[in-house]
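Visitor: Once you've had a glance at the structure underneath, I'll fire off some questions.
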Amino acid sequence: MKTTLIIATILAILIGILSVISGSMVLLGLRSVDYKVLDWLVVYNLTLGIISILVAYQIGKQHIRSKLMIMTILLLHFLVLVYLYFFNDMVADESIKAMAFRVGIWVAILILALLNHTKSLSNKIKS
């Protein structure tokens, strides 16, 4: 497997695991915070964390639809970030920062996946 895909896979696994652990701790009451928690956002983050781990597996296996899955997760995170930033007055700054971090990580994952795709195409053209 190419180095770019290994890095993309590791990033997707890590962000997924972090989201699952963080979301689970809040939902189970193991972690309390001093700001308003949006329950739907915790459930969203937990769900997307699980999906991120599944997508990481697809990236590692070089599944043909992995780029579409990456773009879908990135788009969802971006839309939630826009909603949190512009349309929700009750959201904590920490939630906005965490979602911006997720968007940044998924942008990096997409770039790495596209770099691998570009290298594969150029190798096929040369042969």
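Visitor: Any residue in region 48-66 that's of a type in the set (S, T, N, Q): show its pairings with residues that are open to solvent by 70 Å² or more (accessible area, probe 1.4 Å) at Cβ separation under 8 Å, as long as the two are six or more apart or on different chains.
Guide: Pairs that qualify, where the first residue is of a type in the set (S, T, N, Q) and the partner is open to solvent by 70 Å² or more (accessible area, probe 1.4 Å), are Q58/R65; Q62/M1.
Visitor: Which residues, taken from region 21-71, are closer than 25 Å to E94 by Cα and either touching a strand residue (DSSP E or B) at 6+ places or on another chain (Cβ under 8 Å) or aromatic (F, W, Y) (or both)?
Guide: Y35, W40, Y44
Visitor: Give the number of residues within region 59-88 that are over 12 Å from the mean Cα position of the chain (by Cα) and under 14 Å from L112 (Cα atoms).
Guide: 6
The values are calculated or read from the model by the stated rules, or taken from the named source; none is laboratory data. All values derive from a computational prediction rather than experimental measurement. Neighbour counts are summed over all protein chains in view; Cβ atoms, including those assigned to glycine, are modelled from backbone coordinates with ideal geometry. Keep in mind that these areas ignore ligands, DNA and RNA; they rest on the heavy atoms of the full protein, side chains included. Shrake-Rupley method; radii C 1.70, N 1.55, O 1.52, S 1.80 Å.
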